[in-house]
Amino acid sequence: MAESAFITGEHKRTLDERSRLSLPNDFASAVADAEGWCILAKERAGCLSLWRGTDWQTRLDDGVELIRKKIDAGRMEERWTEVQRFGRLLSTRHTRVRLANRSRLLLPEPFREFLGVAANQDVMLVGAVICVEIWNPAAWLDVLRQEMPEFGQLFRTLSQ
């Protein structure tokens, strides 16, 4: 993502009968490359995120390389259960997707199931500064109710 990108906004959309979702143009341009490719990731129950592929890959490569070095150095011998858990989650966490016509996303079935939204149902699109989040509306309201009272303090902390 370009350094000047700062993705914000909230939009209600409806998945069509084919489980496609139209993104606002500013959201689509913030996460897709010139050919329309981006990364779709499972974040938390009821939430997916869209990332610019190069940003995602850099973060992933840096983290995986660090874990590989720890394995090679024998520092993970007593943590194999965690390493396997990491591998399982990594294997299913994200996929590369292409936005049709620069802004229409087809949500793959495993990601729709994780989101908990079916065709012809609403979703909330939320700009999360560094990515675009796709929320199950009920999960989004729960997060807003929990986190909004802390917004002022969070803003002060991050802007110092």
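The values are calculated or read from the model by the stated rules, or taken from the named source; none is laboratory data. Computed from a predicted structure; not experimentally measured. Here Cβ is always computed from backbone atoms with ideal geometry, including for glycine, and neighbour counts include all displayed protein chains.
Against the condition in a helix (DSSP H, G or I), touching a strand residue (DSSP E or B) at 6+ places or on another chain (Cβ under 8 Å) and modelled with pLDDT under 90, how does Thr81 come out, does it pass?
Criteria not met by Thr81.
Taking into account only those residues within the stretch 94-141 that are β-branched (Val, Ile, Thr) and touching a residue at least 60 places away in the same chain (Cβ under 8 Å), which is surrounded by the fewest Cβ atoms within 10 Å (Cβ to Cβ)?
This residue is Val129.
Has the stretch 25-38 got any residue that is surrounded by fewer than 13 Cβ atoms within 10 Å (Cβ to Cβ), touching a residue at least 40 places away in the same chain (Cβ under 8 Å) and part of a strand (DSSP E or B)?
No.
Please determine, by comparing only the residues of the stretch 127-160 that are in contact with a helix residue (DSSP H, G or I) (Cβ under 7 Å, 6 or more places away or on another chain) and of a type in the set (Val, Ile, Thr), which one is farthest from Asp16 (Cα to Cα).
Val132
Just to check your reading of the model, which residue among Leu50, Leu144 is surrounded by 14 or more Cβ atoms within 10 Å (Cβ to Cβ) and either touching a residue at least 24 places away in the same chain (Cβ under 8 Å) or in a strand (DSSP E or B) (or both)?
Leu50
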